[in-house]
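Undergrad: Below you'll find the structure I mean.
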């Protein structure tokens, strides 16, 4: 299979943001009476939008999930991300290789809100590589695990989803890419480096066609799999 476009998830693929975001979320939920261990918070929320878990949050806290609370969460989260977030090792080289090999047909398609995604990409110096091709699940009718954000990215690049390669790291994201009709490769670091619950087995069960351990590995994996537009 030759791919015409590469669509990257953001959190956990391009930036090492999950420990920061989940730490802020866990603190704020504890303030409302829902005490979660770090592992439990990851299990519940990894790869999902906080808004999409409104019913669970309200059931455990006994309080409504208001727009004011969501805004406060995003503000606290963004302060820490702006100060602390780093690119995943090898992410820049992987994006540069994908951009060169696909003649610029790359996109960042995240389930997160646009402000967060753009803040993180700017912070780690990756924003210029995407040339405005950033897509947020918050701006779609449905967020991941629905395919909407990946369908929108493929459409904007002028490539059919079947000719797209999606790079993901969670079962939720893999499900979204597969539902869009794309091929999905999943980043899954070695167990002793892994933040979260996704295992190779979980990712394959969701439909990942290939598992790789580090973003540094991606350029070599991509080289034989890219094709000029229209040639796949």
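Undergrad: Can you tell me which residues in segment 28-58 are farther than 27 Å from residue 174 by Cβ, assigned to a helix (DSSP H, G or I) and free of Cβ contacts under 8 Å to residues at least 24 places away in the same chain? Steps first, please.
TA: Narrowing segment 28-58 to residues farther than 27 Å from residue 174 by Cβ: 28, 30-35, 58.
Next cut, assigned to a helix (DSSP H, G or I) only: 28, 30-31, 58.
Within segment 28-58, 30, 31, 58 qualify.
Undergrad: Another question, if that's okay. For segment 174-201, which residues satisfy the criterion of being surrounded by fewer than 17 Cβ atoms within 10 Å (Cβ to Cβ) and in contact with a strand residue (DSSP E or B) (Cβ under 9 Å, 6 or more places away or on another chain)?
TA: 181, 200
Undergrad: Then there is this: Among the helices (runs of 4 or more DSSP H) confined wholly to segment 86-146, which include 1 or more residues that are at pLDDT below 95, surrounded by 18 or more Cβ atoms within 10 Å (Cβ to Cβ) and not assigned by TED's automatic domain parsing to the domain that holds residue 216? Reasoning before the result, please.
TA: Details: elements: 91-101, 114-123, 127-130.
Of the helices (runs of 4 or more DSSP H) lying wholly inside segment 86-146, none has at least 1 residues that are at pLDDT below 95, surrounded by 18 or more Cβ atoms within 10 Å (Cβ to Cβ) and not assigned by TED's automatic domain parsing to the domain that holds residue 216.
Undergrad: What number of residues in segment 167-203 are part of a strand (DSSP E or B), free of Cβ contacts under 8 Å to residues at least 60 places away in the same chain and out of contact with any helix residue (DSSP H, G or I) (no Cβ under 7 Å at 6 or more places or on another chain)?
TA: Kept after step one, since they are part of a strand (DSSP E or B), are these residues of segment 167-203: 167-168, 183-187.
Checking which are free of Cβ contacts under 8 Å to residues at least 60 places away in the same chain leaves us with 184-186.
After this cut, where a residue has to be out of contact with any helix residue (DSSP H, G or I) (no Cβ under 7 Å at 6 or more places or on another chain) as well, the list is 185.
Looking only at that region, the number is 1.
The values are calculated or read from the model by the stated rules, or taken from the named source; none is laboratory data. For clarity, every value in this text was computed on a predicted model and none was experimentally measured. Counting neighbours? That spans all protein chains shown, and the Cβs are built from the backbone with ideal geometry, glycine included.
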